[in-house]
């Protein structure tokens, strides 16, 4: 019969044996044992290849969603976060034109401006994907352990100049196709004829290009934040493993 005193003795003996066992093991052996337990539980760290592949997958997913969203009808126009307004330096032009009864023409111009960006957004995806595929191992680890928008910032650093150079003629063509350039030129010309006003520059392409690209980056940043914070947004096992890594 095991008495209360005997039970206490056995517990103390067990603890003593455990301590002796731990002392007899090297730290490497203990770490190896713990590592085996972690592996068995499925919590092993992602490999370098998995990190690179996972981040590429996440970025392409974000780019695709952002580009698809922006390129739909009203993708820019009805999204207050990326809607392209009348050029800031020409706000007085807009105000004055509305005052003299040309509000509908101004609204038509803003609509056509956003339509041009929506058309161009389709063409942006391959440019972004090309930059993603050239990501280095160092880039990948920096992004994984970096700020919440590290991937988006990487894209800005690596694509902004080339993207603008390649994107501008697309925007220009799109704006011409929807007559945005003509609308703006006509509006500014009308404004410039008003006595005593400071003349406005009818140049539009650079402004529209910058705003269109800025809007795409914003959508990509939203998707990146979603994947980092929301486990349900990690739609593959690789994304779950990479973005669940806390190392």
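The values are calculated or read from the model by the stated rules, or taken from the named source; none is laboratory data. The structure displayed is predicted, hence computed values, not measured ones. A quick note on method: Cβ atoms are made from the backbone with ideal geometry, for glycine too, and the neighbour counts reach across all protein chains shown.
Of note:
Each row is one residue, and each column tells you yes or no for (1) within 20 Å of residue 217 (Cβ to Cβ); (2) surrounded by 13 or more Cβ atoms within 10 Å (Cβ to Cβ); (3) at pLDDT 85 or above.
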| position | (1), (2), (3) |
| --- | --- |
| 27 | no, no, no |
| 31 | no, no, no |
| 52 | no, yes, no |
| 63 | yes, yes, no |
| 87 | yes, yes, no |
| 96 | no, yes, no |
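- In the stretch 151-169, the residue that is farthest from residue 226 (Cα to Cα) out of those that are surrounded by 14 or more Cβ atoms within 10 Å (Cβ to Cβ) and at pLDDT below 80 is 166.
- Filter result (touching a helix residue (DSSP H, G or I) at 6+ places or on another chain (Cβ under 8 Å) and surrounded by 17 or more Cβ atoms within 10 Å (Cβ to Cβ)) within the stretch 206-221: 208, 209, 211, 212, 213, 215, 216, 217, 219, 220, 221
- Residue list for the stretch 106-115, filter: surrounded by fewer than 15 Cβ atoms within 10 Å (Cβ to Cβ) and touching a helix residue (DSSP H, G or I) at 6+ places or on another chain (Cβ under 7 Å): none
- Complete set of residues in the stretch 171-196 that are modelled with pLDDT under 80 and outside any helix (DSSP H, G or I): 178, 179, 196
- Number of the exception - residue 147 against (1) under 14 Å from the mean Cα position of the chain (by Cα); (2) crowded, with 19+ Cβ neighbours inside 10 Å: (2)
- Output for the stretch 49-71, where each listed residue is in contact (Cβ under 8 Å) with a residue 12 or more places away in the chain and farther than 17 Å from residue 237 by Cβ: 59, 62, 63, 64, 65, 66, 67, 69, 70, 71
- Answer residue from the stretch 204-226, given it is without any contact (Cβ under 8 Å) to a residue 40 or more places away in the chain and more than 10 Å from the chain's Cα centre (by Cα) and is nearest to residue 189 (Cα to Cα) among those: 205
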